[in-house]
Amino acid sequence: MDITTLMKCYCKSREMMRYYTNMLQSEDIGNKEKDLIYDLILNNANATLAIRDLCERRFDKYKCEIITGDKNGSY
């Protein structure tokens, strides 16, 4: 799988964690819903960590270049 695809998955996973966290702030949810959302957050956090770990291993294995800006350090 391409590193770009993995990074898109990682970003989407983080986005979903924010969404679930925002849902917890709702006053209209009960304890059962909160428990479900906590489980979703935990599962999503585990998936995010697994994706990040895979990206780091790919980086280490293939010695990918990290692009942070142009020659002058600008982004």
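Considering only residues of the stretch 41-68 that are assigned to a loop (DSSP other than H, G, I, E, B) and under 17 Å from Asp2 (Cα atoms), which is modelled with the highest pLDDT? Top of the filtered list is Lys63. A single entry from Tyr19, Tyr38, Tyr75 fulfils the requirement of being loosely packed, with under 14 Cβ neighbours inside 10 Å, part of a loop (DSSP other than H, G, I, E, B) and either modelled with pLDDT of 90 or more or of a type in the set (Phe, Trp, Tyr) (or both): Tyr75. Could you give me the residue pairs with C-beta distances under 7 Å whose first residue belongs to the stretch 5-23 and is free of Cβ contacts under 8 Å to residues at least 60 places away in the same chain, whose second residue is among the polar types (S, T, N, Q) and assigned to a helix (DSSP H, G or I) wherever it lies, and which are 6+ apart or on separate chains? Final answer for the pair search is Tyr10/Thr48; Ser13/Asn44; Ser13/Thr48; Arg14/Thr48; Met16/Asn44; Met17/Asn44; Met17/Thr48; Tyr20/Asn44.
The values are calculated or read from the model by the stated rules, or taken from the named source; none is laboratory data. Just so you know, these numbers come straight off a predicted model, no measurement behind them. Cβ atoms come from the backbone with ideal geometry, glycine included; neighbour counts cover every protein chain shown.
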